[in-house]
Amino acid sequence: MAEALAFSPSAVSQQLAVLEHEAGLPLLARTGRRVRLTPAGQNLVRHAEAVLERLEQADAELAEARRGLTGVLHIGSFPTAKRAIVPAALTVLSRRHPGLEPRVRETDPAAVAHALRAGDLDAALVHEHDFVPATREPGLETQPLFGEAV
């Protein structure tokens, strides 16, 4: 084992002794120059394999995140925008951030603030009229996309 890890046998023995001390019970049963895992040692190995697998998963997710935005993006939209604006915006979005998976759903503009705060939406397209201005919601940011004279 020491050779495979490029450690000296002494270094491996020292690490195993520290591990046994931290565990508070023997993890190896020694017979002459051979060792075998105790039931506690076998149990620890099983958990170590699961932990190492989760660390590999986390590392892969971090590597993916370093490549750009990834994951599901929940977008709310009013019906007209869903037909007229969203398709072209999704084309641009997929070119710029291919790791995103946009999910667009029709959302009542009056329910957008609650859906954003609840985490049901990540972004939303809303509209307002000159004669009925939208109420500004604390903690939410709006960005005008365009205006149209009516």
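The values are calculated or read from the model by the stated rules, or taken from the named source; none is laboratory data. This structure is a prediction, so every number in the text was calculated from the model and none was measured. Here Cβ is always computed from backbone atoms with ideal geometry, including for glycine, and neighbour counts include all displayed protein chains. The protein model used for the area step is the full one, side chains on, heavy atoms only, and it has no ligands, DNA or RNA in it. Shrake-Rupley method; radii C 1.70, N 1.55, O 1.52, S 1.80 Å.
To put it simply, the accessible area of the range 5-150 at a 1.4 Å probe is 57 percent carbon and sulfur. Using the Cβ-Cβ distance between Ser8 and Asn43 with R0 set to 30 Å, the FRET efficiency works out to roughly 0.65. Given R₀ = 41 Å, FRET efficiency for Ala23-Ala65 by Cβ-Cβ distance, to 0.05? E between Ala23 and Ala65, to the nearest 0.05, is 0.75.
Kindly provide the helix-only [θ] at 222 nm of the chain, computed as the sum of -39,500 (n - 2.57) over DSSP H runs of four or more divided by all residues, to the nearest 500 deg cm²/dmol?
Working: 6 runs with 71 residues, N = 150.
For the chain, the value works out to -14500 deg cm²/dmol.
Rounded to the nearest 20 debye, the dipole size of the range 53-100 about its Cα centre is 460 debye, using +1 on the Cβ of Lys and Arg and -1 on the Cβ of Asp and Glu. Computed from the Cα positions only, the extents of the chain along the three principal axes stand at 92, 30, 20 Å, in decreasing order.
Taking amide H atoms as placed 1.01 Å from N in the peptide plane, the amide H of Glu137 has no partner under 5 Å among residues 5 or more positions away or on other chains. Pairs of Cα atoms nearer than 8 Å and 6+ residues apart set the relative contact order; for the range 34-150 it is 27 percent. Helix 39-66 and the longest principal axis of the C-alpha atoms of the chain enclose an angle of approximately 30°. Taking the dipole about the Cα centre of the chain, with the C-beta of Lys and Arg at +1 and of Asp and Glu at -1, give me whichever of Ala124, Ala149, Gly99 is farthest to the positive side. Result: Gly99.
Rounded to the nearest 20 debye, the dipole size of the range 1-125 about its Cα centre is 200 debye, using +1 on the Cβ of Lys and Arg and -1 on the Cβ of Asp and Glu.
With a 1.4 Å probe and all protein chains left in place, how much accessible area per residue does the chain have, in Å²?
Accessible area per residue, the chain: 81 Å².
For Phe146 and Arg30, compute 0.36 nm times the residue count separating them, minus their Cα-Cα distance, and round to one decimal in nm.
Length gained between Phe146 and Arg30: 34.1 nm.
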